[in-house]
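I have a structure I would like to understand better, so I am pasting it below and will then ask my questions one at a time.
Only the coordinates and a few stated rules stand behind these numbers; no lab work does. All values derive from a computational prediction rather than experimental measurement. Every residue, glycine among them, receives a Cβ derived from its backbone with ideal geometry; neighbour counts consider all protein chains shown.
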Amino acid sequence: MSRTPEEQYEARLKRVEDAIRLQVPDRVPVASCQMMYYMTRVSGISNRDAMVDHEKRLDAWKEVTQRLRLDLAPHPVMLPAAQPFDLLGVKQFQWPGGALAADAPFQYVEKEYLKADEYDAFLADPGDFTVRTIWPRIASTLEPLAKMGPLHWFSNSRSLSYLLGPMMGMGPFAAMLKKLAEVGEASMDFLMKMFAYTEEMKKLGFPLLYGASADAPFDYLADQLRGTRGSMLDMYRQPEKMLAAIDLFTTMSIEGAKALARQSKNKRVFMPLHRGAAGFMSDEQFEKFYWPSLKKVLVALVEAGLTPAPFFEGDYTPRLEYLAELPPGRIAAHFDRVDRKKAKQVIGDTLCFWGNVPAGLLITGTPDQVRDDVKELIDTFADNGGLIVDGSMGIPDEARPENVEAMIETVFEYGVNR
């Protein structure tokens, strides 16, 4: 604690990077892959205010991060701003204070925003289909775009002037443009506060959790466009078209993450993975539809000098042999549920294990139970440095503060390199 903030920043960054490289750090790092409302809840701030009062929320995050002495500061985009969603009339997402109660967590609204018979149109021109079909379906403010002609009509200056110009002057389009200006103002307000928070956390000695995010290609298709029912049926009814869309999203995920990482100058890339766990799809389906594209994204990011941080939600014990194929010492793999002993055996020399104190234990357990679980994690994984301690799902909103503090204190006391 006698170090300057600059020295603390470098020490925390080195500690995390050593663990990811499977080198023994001075102490096991402790960092939460995601904290939605925990920090604001313990600060007496409602979930609604956390999503609309960005200054209040980020002040709470700064205070709690310093008090807990985390090795990485949480990223502001973990909890998005509600105002742009509201102004856009977003239908794909619900938030506290909007359609939900003030202390409810935000929720996604899953539907088949891409219909089963629309793969060909989408694959033929993804940009045009997104603007004229997907956007109007997911945001009421953008519904006028459904009335536009194909975007290739506007590919020259004359059509921009004679066709697009008058169209934008019509009532529905003019109202849309006015609303989009408000969206821009609200989004820039959030971005400016986010940048200020990032710089302030750096000055206080805390590196930011990550600088970019990426999607598992299957998850992007299933989460955002086809839904659970649609994606399950597609694997049987139109697998080739599904695989073609997954190939498209693979390239998009890689290039998008690389661009964001360059802008942020932070090489850690967060990847929340939803649908590849055991129980969601069979081993055969995982091997055909999920793993090849996910592996391609992870390897491409590593080859670009970045550090993927996939969050393996659900039980990944049956998938461990696949994960052993990944580049060693380059990936921080966050686990929700997994057989720890088998994970150590199969991927202990390949991936840094991030996690996985059970969420239920942090919510309903005792500090002594939490301490015992953290010691088991350290005893199992920390011999080669490949461990970052966290809750299984990050820090749950309902976690008991004394349990969160017990988790961190145990790392500080028991996780020191002796």
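Output the Kirkwood hydrodynamic radius of region 179-314, Cα pairs only, in Å rounded to one decimal.
Every distinct Cα pair counted, the radius reaches 16.5 Å.
Grab the other residues whose beta carbon is less than 12 angstrom from that of Ala261, score K and R as +1, D and E as -1, and report the net.
With Lys, Arg at +1 and Asp, Glu at -1, the neighbours total +4.
Determine the sum of side-chain charges near Val42: Lys and Arg each +1, Asp and Glu each -1, restricted to other residues whose C-beta is under 12 angstrom from that of Val42.
Combined, the nearby Lys, Arg, Asp and Glu give -2.
For Thr307, which sequence-distant residues (separation of 5 or more, or a different chain) have an amide H within less than 5 Å of its own amide H, given hydrogens modelled in the peptide plane?
Arg268, Val269
Let me ask something additional. What does the extension gain come out to for Asp349 and Glu413, with contour length at 0.36 nm per residue minus their alpha carbon separation?
20.5 nm
Compare the peptides 136-149, 204-217 by average per-residue count of other Cβ atoms within 10 angstrom and give them in order, highest first.
Going from most to least packed, we get 204-217, 136-149.
Then there is this: Working out 0.36 nm times the residue gap between Arg67 and Tyr236, then minus their Cα-Cα distance, what length gain in nm do you get to one decimal?
55.7 nm
Quick check: net charge around Tyr236, other residues with Cβ under 15 Å of its Cβ, Lys/Arg +1 and Asp/Glu -1?
With Lys, Arg at +1 and Asp, Glu at -1, the neighbours total +2.
Work out the length of the dipole vector of region 324-378 about its Cα centre, built from +1 on the beta-carbon of each Lys and Arg and -1 on the beta-carbon of each Asp and Glu, and round it to the nearest 20 debye.
100
On a C-alpha basis, how far is the centre of region 1-68 from the centre of region 103-138 in Å? Whole number, if you could?
35
How high is the relative contact order of the chain, given as a whole-number percent (alpha carbon pairs under 8 Å, six or more residues apart)?
22
In whole percent, what relative contact order does region 90-240 give with Cα contacts below 8 Å and a gap of six or more residues?
Worked out over region 90-240, it gives 25 percent.
May I ask for the equivalent-ellipsoid semi-axes of region 262-301, computed as the square root of five times each C-alpha gyration tensor eigenvalue and listed largest first in whole Å?
Three semi-axes, in Å: 26, 12, 5.
Go ahead and estimate [θ] at 222 nm for the chain from helices alone: -39,500 (n - 2.57) per DSSP H run with n ≥ 4, summed, over the residue count, rounded to 500.
The per-residue figure over the chain is -14000 deg cm²/dmol.
If I model a spin label as a point 7 Å beyond the Cα along the Cα-Cβ vector, how far apart are those points for Ser157 and Glu10 in nm?
5.4
Separation between the Glu112 and Val24 pseudo-spin-labels, each 7 Å from Cα along Cα→Cβ, expressed in nm?
So the label points at Glu112 and Val24 sit 5.7 nm apart.
Starting from 0.36 nm per residue, how many nanometres of slack lie between Thr317 and Ala146 once their C-alpha separation is accounted for?
57.1 nm
Now for a different question. Within a 10 angstrom radius of the beta carbon, how do Glu405, Glu6 rank from fewest other beta carbons to most?
With the fewest neighbours first, Glu405, Glu6 line up as Glu6, Glu405.
Note down the relative contact order for region 262-341 as a percent, whole number, built from C-alpha pairs under 8 angstrom at least six residues apart.
The value is 37 percent.
What trypsin sites (Lys or Arg not before Pro) in region 243-330 are in a loop by DSSP, with at most 12 other Cβ atoms within 10 Å of the Cβ?
Answer in residue order: Lys265.
Stokes-Einstein D for the chain at 37 °C, 0.692 mPa s, Kirkwood Rh over Cα pairs, in µm²/s?
143
With charges only on Cβ, +1 for K and R and -1 for D and E, what is the dipole size of region 113-271 about its Cα centre, in debye, rounded to 20?
Dipole size: approximately 380 debye.
If the only charges are +1 at each Lys and Arg Cβ and -1 at each Asp and Glu Cβ, what is the size of the charge dipole of the chain around the Cα centre, to the nearest 20 debye?
740
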